[in-house]
Amino acid sequence: MITTDICIIGAGPVGLFAIFEAGLLKMRCHLVDYLPQVGGQLSEIYPKKPIYDIPGYPIVGAQELVDNLMEQAKPFDPTFTLGERVEEIEKQEDGSFILTTHLDTKIHAKVIAIAGGLGCFEPRKPAIENLADYEKNGVEYMVLDPEKYRNKKSVIAGGGDSALDWTMFLADVAAELTMVHRGEMFRGAPDSVDKVKQLAADGKIKLELNSNITGLHGAGKLESVTITNNDGTAKDIPCDYYLALFGLSPKLGPIANWGLNIEKNAINVDTRDYSTNVKGIYAIGDINNYEGKLKLILCGFHEAAIMCHSASELILGKKPTLKYTTVNGVNSF
Amino acid sequence: MDSITVYIQQDDFSFQPLEIPLGIQMSMMEVLKGEGYETIEGICGGMALCGTCRVEVLNKDEINLEGANDNEICMLETLPCYTGNCRLSCQLQVTEKLDGMKIRIPADTL
């Protein structure tokens, strides 16, 4: 079991800054995030986007900010569980918590800080009537093990980088590969688009543009899909796997089941210390809600600092002394 | 013209008029978020990158609305719920061209 002072759920900018603030107060942090990398939506959705409202930075790239926050947190030796989602929180008799992820990783923490942004990023699912019937039986939303598709007939749907990248990769792996895209233009790196079109011209994949997957068929497992063109014509093609790669969108997920006061997809907090209605659980950043809330990264930074002081008091039983980095610098563990 | 009116379809299919002053230098995403429409998320902050501010324009052929640019179309086409009337509200800047626009706001987030 992993043990830590503060378990931070969410490794976005606010969660990362909380490591620094906790470190100044000699508290160690372990972070859990469902995404495979740190940075939250900054790294996942807009790594190249400039941000203009971080104090002291007239302009900073989203990924650059994440990299800087990681650098700032480094002296405090944070640990991470990435690609896992916290499913359950169990309060212990001594007031501490045991968190369990969907892959059964267990973390023992004295305090929990939920910095989950808009929630967990989950795959966008297409609106096909019997989609759920084939989940785990041929319908998938991400590629975990490409070998699974070796010598299988596969269909990829989507028009973004993920769909393009996996089409290129699986072209040599799958027995047959069809890429289906609703439009004619792709949202992806131009080089990838050229390569996919070349694969189609060379006959290595089938490219179905202006088309949609509209039906799934098979007894117990996926055996074929219906591809409908925008002109109304439709055809069925046999396949073992349908990979729907339409990107990710945030959902509140299991957070809703932890007994917290939730309103409008956000956790109500006390603005004195950003504590929730459960003692020992705090919520900071975009995931929390209070009167006058502004969903800005800079407000999340402020909340992280206040939260850490309250958490320190909870853990040590006395109010921490405010330390100025201008006096003592940053002393690592 | 000092303001425009956009009509938002309600659950009972009636339309609620929303008067928006011109010259506010905002997108419809910002306006709708400000009005409290919770399914308009705008996670990417108006960069046409996330699709979470999509709306359906119900009378696009009746008004003077400019078409989507390639960037917006590419984003829209990756959404599983895309219809030809979908637009990203972050790309609809408040100008007189939106006057009279009727929109449906999705009931759920993506």
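Return the whole-Å distance between the Cα centroid of the range A:1-61 and the Cα centroid of the range A:259-293.
18 Å
With labels modelled as points extended 7 Å from the Cα through the Cβ direction, what inter-label distance (nm, one decimal) is found for A:A234 paired with B:D61?
2.4 nm
Per-residue ellipticity at 222 nm for chain A, helices alone: DSSP H runs ≥ 4 residues times -39500 (n - 2.57), over residue total, nearest 500 deg cm²/dmol?
Calculated at 222 nm, the ellipticity per residue is -7000 deg cm²/dmol.
Which value in nm describes the separation of the simple spin-label points at A:N257 and B:F13, placed 7 Å from the Cα toward the beta carbon?
3.9 nm
So which GluC sites (Glu not before Pro) in the range A:24-124 end up in coil per DSSP with only 10 or fewer other C-beta atoms within 10 Å?
A:E93
If I require 18 Å or longer along the helix axis, counting alpha carbons, and a Kyte-Doolittle average no lower than -1.0, what helices from chain A are left? Use full DSSP H segments.
A:297-316
Short version: ³J(HN,Hα) in whole Hz for each residue of the range A:209-224, in order, from phi by Karplus 6.51 cos²θ - 1.76 cosθ + 1.60 (θ = phi - 60°), x for Gly and Pro, what are they?
8, 6, 9, 9, 7, 10, x, 10, 9, x, 9, x, 9, 5, 10, 7
Report, ordered by chain and residue number, the lysines lying within cross-link reach of B:K33, taken as a straight Cα distance under 28 Å and ignoring same-chain residues fewer than 8 apart.
Once the sequence-local lysines are set aside, what remains near B:K33 is A:K48, A:K49, A:K125, A:K251, A:K264, A:K293, A:K295, B:K60, B:K97, B:K102.
Mind jotting down the distance between the C-alpha centroids of the range B:1-46 and the range B:89-110, whole Å?
So the two Cα centres are separated by 6 Å.
Per 0.36 nm of contour for each residue apart, how much would the distance between A:E90 and A:E64 grow if the chain were fully extended, relative to their Cα-Cα spacing?
5.8 nm
Over the range A:273-333, calculate the relative contact order: mean separation of alpha carbon pairs under 8 Å at least 6 apart, over the residue count, as a percent.
Relative contact order comes out at 27 percent.
Rounded to a whole number of µm²/s, how large is the Stokes-Einstein D of chain B at 37 °C and 0.692 mPa s, given Rh as the Kirkwood radius over C-alpha pairs?
237 µm²/s
Charges only on Cβ, +1 for Lys and Arg, -1 for Asp and Glu: so what's the dipole of the range A:196-268 about the Cα centre, in debye to the nearest 20?
Computed about the Cα centre, the dipole is about 180 debye.
Mean residue ellipticity at 222 nm from the helices of chain B, using -39,500 (n - 2.57) per DSSP H segment of n ≥ 4 over the full residue count, to the nearest 500 deg cm²/dmol?
After summing the helix terms and dividing by the residues of chain B, the value is -3500 deg cm²/dmol.
Can you compute the charge dipole magnitude of the range A:281-323 about its Cα centre, using +1 on each Lys and Arg Cβ and -1 on each Asp and Glu Cβ, nothing else charged? Give it in debye, rounded to the nearest 20.
The dipole of the range A:281-323 has a size of about 180 debye.
All of the numbers you see were taken from the coordinates with simple rules; none came from a lab. As the structure is a computational prediction, the values presented were derived from the model and not from experiment. Every residue, glycine among them, receives a Cβ derived from its backbone with ideal geometry; neighbour counts consider all protein chains shown.
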